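Taken together, the values in this text are just the output of simple stated rules run on the coordinates, not laboratory data. What you are looking at is a predicted structure, and each value in this text was computed from that prediction instead of being measured. We place every Cβ from the backbone using ideal geometry, glycine too, and count neighbours over all the protein chains shown.
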Amino acid sequence: MGGGGEEPVFGPDTSTGLVPLWHVPGYYAIFFAVGALLWGRTSTDGTPMIERLSRWWGPILPLTLFLVLPFALGATFGEERDWGFASLLQVIYTWGMIVGLMGWFCQRNGAGCGICQIRRTGCTWRTSRS
C-alpha cells in the first residue's frame with residue numbers, strides 16, 4: 001500500500017522525498033538480511049541452505065501465481081481494502097516468487113549447477129566454498 005496505506009499499490013512503497021519513509025529502507029533491509037544470513041550456510045547434511053529452501057519450487061511457484069496473486073490483488077484493489085491483510089499477502093507473494101524462481105532456475109540449469117555456483121561464458125565466478 002502506497003503512502004503508508006493511504007493509496008492502493010501492489011508492491012513496495014516508494015519514497016519521493018529527500019528523506020525516505022521509515023518502512024521503505026526497512027522493507028529492503030529484510031531482503032538483504034535474509035540473503036546475508038543464507039550466504040554460505042549449509043544444512044547438517046552439507047546442502048547449501050539456498051538450495052534446501054528452494055527444493056519445493058514445484059508446488060510453490062504455481063500456488064503463488066494462481067492462488068496468492070489473485071487474492072493479493074483483490075485485497076489490494078478490491079472494494080473492502082484491508083491494509084494489513086493486503087500487505088501480508090503481498091509479502092507471501094514476494095517470498096513465494098523468490099523461492100519458486102530460485103528453484104526453477106536450479107532445475108532449468110541442471111542439478112549440478114546450483115544457485116550458489118554460476119558460470120558464464122568468458123567469466124567464471126563461484127559463490128560457494130570450493
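Remarks
- FRET efficiency, 1/(1 + (r/R0)^6) with R0 22 Å, evaluated for F105 and F85 via beta carbons: 0.15
- Likely footprinting exposure, Y93, Y27, fewest C-beta neighbours within 10 Å first: Y27, Y93
- Computed extension gain for L21 through T47, at 0.36 nm per residue and net of the alpha carbon distance, reaches 5.5 nm.
- Potential lengthening of the chain between L38 and W56 amounts to 4.8 nm, from the contour at 0.36 nm per residue minus the alpha-carbon distance.
- Between amide H atoms placed 1.01 Å from N, distances below 5 Å from T42 occur with M49, all of them 5 or more places distant or on a separate chain.
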